[in-house]
Each structure stands twice: as structure tokens, then as C-alpha cells.
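First comes the structure, then the notes that go with it.
Just so it is clear, none of the values below were taken in a lab; they were calculated from the coordinates. Values in this document were obtained by computation on a predicted structure and should not be read as measured data. Note: ideal-geometry Cβ built from the backbone for every residue, glycine included; neighbour counts use all protein chains shown.
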Amino acid sequence: MSTYLDLSKTYQEQLLGMIEQNQKLTVDSVSAWAKAAQPLAKAAPATPAVEGAVSPKELLDNSYSFATKLLHAQHEYLSAVLTAAEPVVPKPTPAAKPAAK
């Protein structure tokens, strides 16, 4: 018999697999588009640099660094809340086995 956690983990793995597959298709599509548009981009006039501007990669890395720290902080916080509440939280009990016929 599968437990809730087993089913949840299976679902999560399937969902992540679908997301990864979708992401790969998107990256492949953007790559093909960039190769096709490259001659047009080379012919476009140069844009002036903006002082203090960062690259999209730097912006992405900075945002995900913050999100990672926030997610970790939330995990620590909720773990502490669950630990504090442990004395009054009912303990799960194994389900009763059906009687044999």
C-alpha cells in the first residue's frame, strides 16, 4: 500500500520531469530563433550603454540567490514552529489492518 508521502513524491517527480522536458523544448526553440535572427541583430544599430546596468544573467543570479535564502529561512522558521507545537500535535497511528476472513 502506498503512503501519502510515496504518492506525493511520485507526483513531484513526474511533475518535475514534465517541467524539465518543457524547459528543454523552450531552450531549443529560443536557440533556433536566436540563430535565425542573428543576421538581423548584427545589422541593427548599437544601443548606448546605461550606467549601472547589469546583465540579464547577473539579475537572474541575484534574484535566485535571494529566493534561495528566503526559501531556506522559511524552512527553518516552519521547522521551528512544528518543533514548538510538537507537544500538542497528535502522533499518527498506523491504520488498523482489516480482519482476516
Taking the stated definitions as given, is residue 40 under 30 Å from residue 92 (Cα atoms) and either among the aliphatic types (A, V, I, L, M) or not in a helix (DSSP H, G or I) (or both)? no
Of 68, 47, 93, which residue is of a type in the set (S, T, N, Q), without any contact (Cβ under 8 Å) to a residue 24 or more places away in the chain and part of a helix (DSSP H, G or I)? 68
